[in-house]
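Notes to accompany the following structure.
Readers should treat all values here as calculations from the given coordinates under stated rules, not as data from a laboratory. These numbers come from a predicted model, not from an experiment. All Cβ positions, glycine included, derive from the backbone under ideal geometry; neighbour counts span all protein chains shown.
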């Protein structure tokens, strides 16, 4: 197969000197290339997490894995929800339309949504050149924008978002098939497309590839965490987090809970790894609380080692439209490390954790509720061990990258075959 993957915002294999963990597009790209398929991954020169440019112009990289990385240069942006970000995405879409014409046509394209500008350009390319485009719904744009304004402003906001909703509808209607990382996301895409589901509309959860660390990496990461007094067999109860410090997480209540627990001498510490626009404010909030540790942005080796040193992982997603019907990648990563998930998110994740007995929920925004949950877990180590065992089992059955993306590779073949049959039937009908 000749496959194009179009996803911006994910870590690249070149980020962090190759130490950053790959997510959905990156893992799938590597697996496709390993299977002998021709892969072009279209992305951006702009690092969405670190908010900095990787390169000063459009750049093409030939990776050792065999993946061709096409990086489009936009203007970049400082804030995720901003006009500048929309301008950046518009630039990327225009550049894709120009550069794609100079490339050999693929057999199939898998394009992520958001953003919206790129999927419109990609589906237009697919229709023009007879290439099936699969739209992979990752977030509910622009629905999530309604939640950043007060309720009394939402009617006006809805009116202002009308052109963007039209973009989402156009992208979904022009896609040959729709996928997503949860059933609710696929349904959202189908509603936008204004059609019923077919056999080709599937949900594929995020898959996680367990890293195989070398002895040198293990020694290095153990030394790294020892600087924060983190050692195997510590008596303290350790709660870990890694991600972007943005408004999508309620980390304020996490810090307030840590302050309560420290005042009680509970022997609980929170290791909050990452970077982002909220980091400075969170550090200020945690000032004087020694049980909150900010190690900064860490790579896949440090993450894997930290999970082995932790008791639970916390996923304090806010109850926004993009998460309530979603199973985000962070809980899946915790389960890969055998960690019970502590979450304040309602909807799909809450039901999943309860059904599979691999995590617990607290009342989001309520530091006292989180404090009570942590204390209960600390005092019931047998329960934690049971949930840890369940987490490992669920991960192996549902989220192992080899299984998830192995199925996705078969699915790409099915889409190519179905599109070919449909094209032949159309030609026969026209004749």
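Computed from the C-beta positions of residue 98 and residue 252 and an R0 of 56 Å, the FRET efficiency is 0.80 to the nearest 0.05.
Could you tell me the relative contact order of the stretch 215-399? Use alpha-carbon pairs under 8 Å, at least six residues apart, and round to a whole percent.
On the way: 310 pairs, mean separation 40.2, N = 185.
Contact order relative to length: 22 percent.
Provide the packing ranking of 171-184, 291-304, 70-83, 109-122, i.e. peptides ordered by the mean count of other C-beta atoms within 10 Å per residue, highest first. Walk me through the numbers on the way to the answer.
Values: 171-184: 22.2, 291-304: 19.4, 70-83: 16.1, 109-122: 24.6.
The packing order, highest mean first, is 109-122, 171-184, 291-304, 70-83.
In units of the rule-of-thumb radius 2.2 N^0.38 Å, the stretch 332-416 shows an alpha carbon radius of gyration of 1.32. Taken along its principal axes, the alpha carbon cloud of the chain reaches lengths of 79, 56, 44 Å, longest axis first.
With the convex hull constructed from alpha-carbon coordinates only, the stretch 38-133 shows a mean projected area of 6.2 nm² over all directions. Using only the C-alpha atoms, the convex hull of the stretch 96-244 corresponds to 221 Å³ per residue.
Determine the relative contact order of the stretch 74-159: mean sequence separation of Cα pairs under 8 Å and six or more apart, normalised by residue count, in whole percent. Please list the in-between numbers first.
Values: 87 pairs, mean separation 20.3, N = 86.
The value is 24 percent.
As a ratio to 2.2 N^0.38 Å, the alpha-carbon radius of gyration computed for the stretch 215-399 takes the value 0.95. Please determine, in degrees from 0 to 90 and to the nearest 10, the orientation of helix 215-226 with respect to the longest principal axis defined by the Cα atoms of the chain, where the helix direction is its Cα long axis. Approximately 50 degrees, to the nearest 10.
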